[in-house]
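J.: Okay, handing you the structure first.
The values are calculated or read from the model by the stated rules, or taken from the named source; none is laboratory data. Values in this document were obtained by computation on a predicted structure and should not be read as measured data. Glycine also receives a Cβ, built like all others from the backbone with ideal geometry; neighbour counts cover every protein chain displayed. Just so you know, the surface numbers come from the protein's heavy atoms only, side chains and all, with ligands and any DNA or RNA stripped out. Shrake-Rupley method; radii C 1.70, N 1.55, O 1.52, S 1.80 Å.
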Amino acid sequence: MDLPTPKFTRKRIGLLTSGGDSSGMNAAGGTLIRTARCQSFREHKGRLRAAYNLIKNGIDALIVCGGDGTLTEEVAPHAHLTIVGIVCSIDNDMAKTDITIGAVTSLHRICEAIDNISSTAFSHSRAFVIEVMGRHCDYVFIPERPPEAEKWKKEMRETIEKQREAGKRNTIIIVAEGAIDDNLQPIKCEDIRKLLTEVKIDTRVTTLGHIQRGGFEAVKAVLRATPDTPSPMISVRENKLMCEPLMEAVELVSEAIAEKNFRRAMELRDPEFAQGMNAATRAAVRVAINHGHKPIAIYNGFAGLLQENVRELHWLDVDDWTSKGGSELGTTKTEVFNLDLIAHQLQKQGINALLLIGGFEAYSSLIKLNDARDKYPAFCIPMVCIPATISNNVPGTEFSLGCDTSLNAIVDNCDILKQSASASRRRVFVVEVHGGYCGYLAVMAGLAVGATNIYSPEYGLSLQTLQEDLNHLVRRFGADKNHTSSGRKGLFDSRTSILGHIQQGGAPSPMDRIRATKFAVECVSFLEKHAKSSGSSDNPRIYTKDKESAAVIGINGAK
């Protein structure tokens, strides 16, 4: 296929990201061309030397991958040097972008470490104070939302003592590197350990440190640039690639923190700085209890409701559910099938609001219940669905709970398959993934692992397309200059891998846990908002037929 000649001024681009053959780099952690903080570059003499080296090598454009240190250093006043920044930092501490490369990987490492620490904390009835990297970003003690200097110690101690009295055996406290109080005084892990030791809680301090470390758009920005164009930064805003002024992004957060405008500093960063079925259930139960409601668990979906498989959930019942995969309440693929019996059981159990957590079947069931409100008063209650399916095929949201965990599981297994393929040098793997007639998993996993081709239901597949793709594959192997992928007389081996239920993953990913918690909190507020009481004060009854009182929660852009 002949590509049209790009209508840009040709540039010699220096890539501070990778060199030589980039095959197989997708799965490599860190940076293969290495990284360093260069003190001499902060001085004028050092920058002059760097400029000379660029001119000597004929480089008139630079793509810089790094964090706030790198991006601050690289914007030197070179008259006709085009500079584009790609934010690569586990800290996720750059303004004008929702997420930085490396931040999600770091979250995975932190969650894996804390999940392992939690089991030790529970068995020994111990508290752990964990320090994580991220010089200006993380949770629970974070620079952007500092606690009151005179109150935080007392409030934290009272909260933990109440949890212990209620029977909670483990305590996990996370402290961001650089955490401060509202007087800008540092909050140290050792200070928290001493505080907990004073109330007779065996406490350990763990510093995760570097265990956390886990473009096409940049090239386009380089080609568009002129000597008068401000240096751009490639960012992600509301799930879309954007070009933002680099120096403006660097300065915004620094100014906000220096002015003690911590709310503004939070707003400048990821708006979500917030497998997830259990995490959503846990959050919903605890928020409901805090607000004075009684959460009733219905096990195994609507089939369980008809069998009266229900019970009230209490605070500690859901204590360790966040890191558990699957669903502790059980699931079923069955949609609503007997409206008469379901209406009877909802009335019998005294259910005043309904929170469904599930995939397309839960979404379809909600529609059926809503459509039957005129006939069944029992359905005239606020109802909301949290989309939870690895297929990510529920209308009304860009992301469903579970799809991120599944995507990670697919990528991990494809990386293993690629090792086998590269060892034989003549092997092609065809991997089948789930999707429920939705190509999200196939497309995103294909991009992540560097797949040669991706086939999805949305685009279909013809024999002509398949033949063209096979011809491309043969040409690609034939272009191997080292002849390591030449095959035997032009023949190549192929294998089929159907990942099946492996794709559901194990423990939920950090993003699924965060989204689940945020969804659940919003849903409880939604149910409260639409719960309109009728009847006597002694026997109040919830009744609403407002079309707004039955809904699906979801993510749309950054909201």
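J.: Being buried (at least 16 other Cβ atoms within 10 Å of the Cβ) and in a loop (DSSP other than H, G, I, E, B) is the requirement here; does residue 357 meet it?
T.: No: the conditions fail for residue 357.
J.: Let me ask something else. For residue 325, only one of the following conditions fails: (1) within 26 Å of the chain's Cα centre (by Cα); (2) over 20 Å from residue 551 (Cα atoms); (3) open to solvent by 50 Å² or more (accessible area, probe 1.4 Å). What is its number?
T.: For residue 325, the failing item is (3).
J.: Sticking with this structure for a sec: Which condition from (1) part of a loop (DSSP other than H, G, I, E, B); (2) open to solvent by less than 40 Å² (accessible area, probe 1.4 Å); (3) within 18 Å of residue 363 (Cα to Cα) is the one that residue 337 breaks?
T.: (2)
J.: Another question, then. Do we have residue 489 as of a type outside the set (Phe, Trp, Tyr), at pLDDT 75 or above and either farther than 30 Å from residue 408 by Cβ or open to solvent by 20 Å² or more (accessible area, probe 1.4 Å) (or both) here?
T.: So residue 489 does not fit the description; no.
J.: Let me ask you something else. Could you run through the range 504-543 and say how many residues are of a type in the set (S, T, N, Q), at pLDDT below 75 and open to solvent by less than 80 Å² (accessible area, probe 1.4 Å)?
T.: Count: 2.
J.: Just give me the residues in the range 499-522 being polar (S, T, N, Q) and either assigned to a helix (DSSP H, G or I) or farther than 22 Å from residue 103 by Cβ (or both), in sequence order.
T.: 503, 504, 517
J.: Just give me the residues in the range 365-387 being outside any helix (DSSP H, G or I) and either touching a Phe, Trp or Tyr at 6+ places or on another chain (Cβ under 8 Å) or open to solvent by 10 Å² or more (accessible area, probe 1.4 Å) (or both), in sequence order.
T.: Passing the criteria: 372, 373, 374, 375, 376, 380, 381, 382, 384, 385, 386, 387.
J.: Would you say residue 352 is modelled with pLDDT under 90 and either surrounded by fewer than 23 Cβ atoms within 10 Å (Cβ to Cβ) or of a type in the set (Lys, Arg) (or both)?
T.: Against the criterion (modelled with pLDDT under 90 and either surrounded by fewer than 23 Cβ atoms within 10 Å (Cβ to Cβ) or of a type in the set (Lys, Arg) (or both)), residue 352 does not qualify.
J.: Report, by residue number, each residue of the range 247-285 that is within 28 Å of residue 319 (Cβ to Cβ), modelled with pLDDT of 70 or more and outside any helix (DSSP H, G or I).
T.: 276
J.: Something else: Say we look at the range 43-67 and pick out the residues that are modelled with pLDDT of 75 or more and charged (D, E, K, R); which of these is least open to solvent (accessible area, probe 1.4 Å)?
T.: Across the range 43-67, the extreme among qualifying residues is 47.
J.: Something else about it: Would the range 147-167 turn up any residue that is hydrophobic (A, V, I, L, M, F, W, C), at pLDDT 75 or above and open to solvent by 50 Å² or more (accessible area, probe 1.4 Å)?
T.: Yes, the range 147-167 contains at least one residue that is hydrophobic (A, V, I, L, M, F, W, C), at pLDDT 75 or above and open to solvent by 50 Å² or more (accessible area, probe 1.4 Å).
J.: Any idea which of 376, 459, 363 is over 18 Å from the mean Cα position of the chain (by Cα) and either closer than 20 Å to residue 331 by Cα or of a type in the set (A, V, I, L, M) (or both)?
T.: Exactly one of 376, 459, 363 is over 18 Å from the mean Cα position of the chain (by Cα) and either closer than 20 Å to residue 331 by Cα or of a type in the set (A, V, I, L, M) (or both), namely 363.
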